[in-house]
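Please treat every number below as a calculation from the coordinates, not as lab data. The shown structure was predicted, so the numbers you read here are calculated from the model rather than taken from an experiment.
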Ligand SMILES: CC(C)(COP(=O)(O)OP(=O)(O)OC[C@H]1O[C@@H](n2cnc3c(N)ncnc32)[C@H](O)[C@@H]1OP(=O)(O)O)[C@@H](O)C(=O)NCCC(=O)NCCS
């Protein structure tokens, strides 16, 4: 079973490969990161680890059974006043197996327990039915419509967390937390 790991410096090569190999797949539903992201990847990765150390973000990668390949990213971002934004993306080859739902469930559990957050926000393109399914299955409620960064119509979601009493983690385990 794949494992959720807190982002580390040594994830950089596998994470860059994940982003490169799935760039066109992601661009079908979410904003393309742009060429500069790939050119500046090492500095960008170091910056993410700094944010994580400072506690403004918690980044996670979903690592395959081979203990190297990255299958997905599940991030809690812009933490303030006990709230964070959940963002996720899966490698195209790993979709359709329920992995995003299970990993998102585990991240929600971590948010409530390890990170002591009280609520999560998320947003998705109105057409992104896979994302909508993952969010509603993990306890998010759709709220108002919005305009996403790429200018398309989206929907906001919210999930209140129950603290240490938050429901069980997903079938995917977490390490390094
Ligand atoms: C959204 C995403 C993370 C889902 O990953 P996943 O591992 O396939 O998700 P799961 O398998 O846990 O659940 C997805 C569900 O949506 C369903 N689904 C997928 N595409 C669908 C579509 N076009 N219409 C309706 N349902 C769809 C799947 O069948 C599955 O439901 P099922 O278990 O009943 O079969 C993945 O598609 C992805 O990374 N997409 C690109 C980036 C992205 O959109 N990120 C989210 C931004 S908000």
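The table below gives the values:
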| quantity | calculated |
| --- | --- |
| Beta bridges by DSSP in the stretch 74-130, antiparallel share as percent, to the nearest 5 | 60 percent |
| Zero-based 10 Å bins, Cα pair distances in the stretch 84-177, whole percents | 16, 48, 30, 5 |
| Mean projected area (nm²) of the alpha-carbon convex hull when the stretch 1-89 is viewed from all directions | 6.1 nm² |
| Fraction of beta bridges assigned by DSSP in the chain that are antiparallel (%, nearest 5) | 85 percent |
| All Cα pairs of the chain, percent lying beyond 31 Å | 8 percent |
